[in-house]
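Okay, so here's the structure we're looking at.
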Amino acid sequence: MFFNKNKKSPSAVSKESLKRIEQLEKTLGELSKSLEELRHGMKRAIVKVGIVRFNPFHETGGDQSFTIALLDEYNTGFVIMSHYMKDHNRVYAKPITKGVSEYMLSEEEKEAMKKAINP
């Protein structure tokens with residue numbers, strides 16, 4: 001039996017079990033606190049991504065240009081557009097706050113935001 005195997009009295013086993021339970025409760029409390037801090041921090045992490053590839057020159061070339069929306073849980077973040085042309089490339093970045101930009105967004109940027117918010 002359990003008590004005979006370890007050769008401990010029932011009261012010693014009871015005290016040891018109580019001590020272990022208290023340690024487990026303390027550990028659980030610490031883990032709960034850490035998990036809550038992680039959840040709070042993750043609200044500001046980029047968790048929503050939407051990408052759209054497109055061809056600005058419909059008659060030639062391929063979908064070399066793209067826009068990507070990178071947003072947190074509050075739909076705050078930024079969009080980046082890379083506009084590929086034959087002899088050069090232009091990159092634009094626009095901040096997004098609560099799903100709205102103070103800058104005018106292209107149709108592709110709006111679509112990338114839509115994909116990020118509603119995948």
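The values are calculated or read from the model by the stated rules, or taken from the named source; none is laboratory data. Because the structure is predicted, anything quoted here is derived from the model rather than measured. All Cβ positions, glycine included, derive from the backbone under ideal geometry; neighbour counts span all protein chains shown. To get the accessible areas, we keep the full protein, side chains included, count just its heavy atoms, and leave off ligands, DNA and RNA. Shrake-Rupley method; radii C 1.70, N 1.55, O 1.52, S 1.80 Å.
Look at (1) more than 23 Å from the chain's Cα centre (by Cα); (2) aromatic (F, W, Y); (3) under 23 Å from P119 (Cα atoms); (4) open to solvent by 90 Å² or more (accessible area, probe 1.4 Å) and you find that Y84 fails only one, number (3).
Taking only the range 87-102 into account, find how many residues are open to solvent by less than 90 Å² (accessible area, probe 1.4 Å) and in contact with a helix residue (DSSP H, G or I) (Cβ under 9 Å, 6 or more places away or on another chain). Selection size over the range 87-102: 4. Only residues that are surrounded by 13 or more Cβ atoms within 10 Å (Cβ to Cβ) and without any contact (Cβ under 8 Å) to a residue 12 or more places away in the chain: list them for the range 35-56, please. If the condition is that a residue be surrounded by 13 or more Cβ atoms within 10 Å (Cβ to Cβ) and without any contact (Cβ under 8 Å) to a residue 12 or more places away in the chain, then N55 is the only one that fits. Going through (1) in a loop (DSSP other than H, G, I, E, B); (2) surrounded by fewer than 16 Cβ atoms within 10 Å (Cβ to Cβ); (3) at pLDDT 95 or above one by one, L105 falls short only on (2).
Of the residues examined, S32 is not one that is open to solvent by less than 100 Å² (accessible area, probe 1.4 Å) and at pLDDT below 95. Of note, Y74 satisfies the criterion of being of a type outside the set (V, I, T) and loosely packed, with under 15 Cβ neighbours inside 10 Å.
Consider the range 1-29 and keep the residues that are part of a helix (DSSP H, G or I) and of a type in the set (S, T, Y). The one that is modelled with the highest pLDDT is T27. Here K114 fulfils each of the conditions (1) over 14 Å from F54 (Cα atoms); (2) surrounded by fewer than 11 Cβ atoms within 10 Å (Cβ to Cβ) apart from (2).
Just to be sure I understand, how many residues within the range 55-96 are within 30 Å of R44 (Cβ to Cβ) and among the polar types (S, T, N, Q)? Looking only at that region, the number is 5. Picking from residues in the range 35-90 that are among the acidic types (D, E) and farther than 18 Å from S106 by Cβ, the one that is modelled with the lowest pLDDT is E59.
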